[in-house]
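What follows is a short report on a single structure.
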Amino acid sequence: MNEDFNYGIFDDETAFKLRLSDSAKLRRSGELLALEAAEMFAQAAKRRGSLDDPFSLARALQASGDNRWINAPREEMESALLAKAWGVQPRSPGSSFFINETLSGRRALTAAGDGGGAVGTEVPAIGVPNAANNFLGLCTVIRPDGAAGDQQVPRFDSLPAVTIMSSETSTASDGTPAVSASALTPANLGCYVTSSRQWTLMTRGGAEAVARLITNALRVQAQQQIIEGSGSNGQVLGLVNDSTITSVAGTSITWATVCDALKAVEAAAGDAPLTWVCTSAAASVLRQRETAAGAGPILRDNRIAGYPVITIGGTGSAHAILGRWEDLLIHEWQPVEIQVNPFAIHKAGIIGTRGWLSFNAAPLVAASFYGLKSIT
């Protein structure tokens, strides 16, 4: 109501009607303002996003670059659940974030409907799921809850001897293999990619492509490290450089040399499936080298002596390892972590995306592996 207006200049009936009209206008104005405010709140909530939204890498990368997660609550929650499950924190809290991927398989974490905890399931590994050139999924994975720093894992030179008991009074022979421990220090792999801000952050395909590029690169490098890492300067001690693993020179390799490897592993590795892992350079030689004159190549149809062959890249060295890969322990300290640098090349609108991974590996049973080094 307009309190400053002088209604006294009208008769009582007219003044009453004018007062009612002004009151109605004021109420309607208030209603319109309330509706407008409600719409503004709804739009703001929509811009902030919701926990019910599907996970979006593009939204997570944008939030990482802006260091502002109000628009990515679902992505922030999933990173926090991963941090809690693994007992680790991102390197740059508030900026870097975890994605639900690891070397050998990823733990799909979702918020539990009633307790608000985490529910875990196993899904395919990073990079190309179920890729033919990925041997990491064959290995045994140790994923500690809250473990940090160096880890001690067991190592045996061979399987223990088993005694056949001829009677109730028989005793098992003392044929226990030598037992030692491997001290595993986190090997940290990092990958950095620059790309267009507009393409990466404003398209779902761009964000997915950058993430796939990073995770594939990390996987390839991890595989190479497990095979031929030097064990120094932060590297993994690769199998061909591990003194507890039998490795022989593959100079002018022959079928007889391959058969020696087959005999050694078949006699010592137990009953699990055996698989060859060859670098691309070794595979190239073995595809051309015959078992005997006119008998066909050593590596044919992705098999050597009937055992499957996994060919990996990432190195120009020519190594081949036959093994029972369940006896290789991979220790993972965290899932893949990603952070965006929004000012990589500021004038050109280029951003940088960095990925990290912390892991190490060691054989559980040394006799389960046999290496052919520097094949020619």
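Can you find a residue in segment 293-306 that is within 25 Å of the chain's Cα centre (by Cα) and surrounded by fewer than 20 Cβ atoms within 10 Å (Cβ to Cβ)?
No, there is no match, as no residue in segment 293-306 is within 25 Å of the chain's Cα centre (by Cα) and surrounded by fewer than 20 Cβ atoms within 10 Å (Cβ to Cβ).
Is segment 181-197 home to any residue that is part of a helix (DSSP H, G or I) and at pLDDT below 90?
Looking for residues that are part of a helix (DSSP H, G or I) and at pLDDT below 90, one finds at least one in segment 181-197, hence yes.
If you check W333, W356, which single one turns out to be touching a residue at least 60 places away in the same chain (Cβ under 8 Å), in contact with an Asp or Glu (Cβ under 8 Å, 6 or more places away or on another chain), among the aromatic types (F, W, Y) and under 30 Å from S64 (Cα atoms)?
W356
When the residues of segment 212-235 are narrowed to those that are modelled with pLDDT of 95 or more and β-branched (V, I, T), which ends up surrounded by the most Cβ atoms within 10 Å (Cβ to Cβ)?
Filtering segment 212-235 for residues that are modelled with pLDDT of 95 or more and β-branched (V, I, T), the one surrounded by the most Cβ atoms within 10 Å (Cβ to Cβ) comes out as I226.
Scan segment 253-263 and tell me whether some residue there is surrounded by 21 or more Cβ atoms within 10 Å (Cβ to Cβ) and among the β-branched types (V, I, T).
Within segment 253-263, one or more residues are surrounded by 21 or more Cβ atoms within 10 Å (Cβ to Cβ) and among the β-branched types (V, I, T).
Would you mention how many residues in segment 215-269 are closer than 30 Å to Q334 by Cβ and assigned to a helix (DSSP H, G or I)?
Counting residues in segment 215-269 that are closer than 30 Å to Q334 by Cβ and assigned to a helix (DSSP H, G or I) gives 17.
Mind listing just one residue for me: the one in segment 328-352 that is crowded, with 23+ Cβ neighbours inside 10 Å and farther than 19 Å from R219 by Cβ and, of those, nearest to the chain's Cα centre (by Cα)?
The qualifying residue nearest to the chain's Cα centre (by Cα) is V340.
State which residue pairs qualify: first residue in contact (Cβ under 8 Å) with a residue 60 or more places away in the chain and inside segment 229-244, second residue in a helix (DSSP H, G or I) and of a type in the set (D, E, K, R) in any location, beta carbons under 6 Å apart, and separation of 6 or more residues or different chains.
Qualifying pairs under 6 Å: V240/E228.
Which of the numbered conditions does A272 fail, given that it passes all the others? Conditions: (1) at pLDDT 95 or above; (2) surrounded by fewer than 18 Cβ atoms within 10 Å (Cβ to Cβ); (3) among the aliphatic types (A, V, I, L, M).
Here A272 meets the rest and fails (1).
The values are calculated or read from the model by the stated rules, or taken from the named source; none is laboratory data. All of these numbers come straight from a predicted model, not from anything done at the bench. For neighbour counting, all protein chains shown are included, and Cβ atoms are generated from backbone atoms with ideal geometry for every residue, glycine included.
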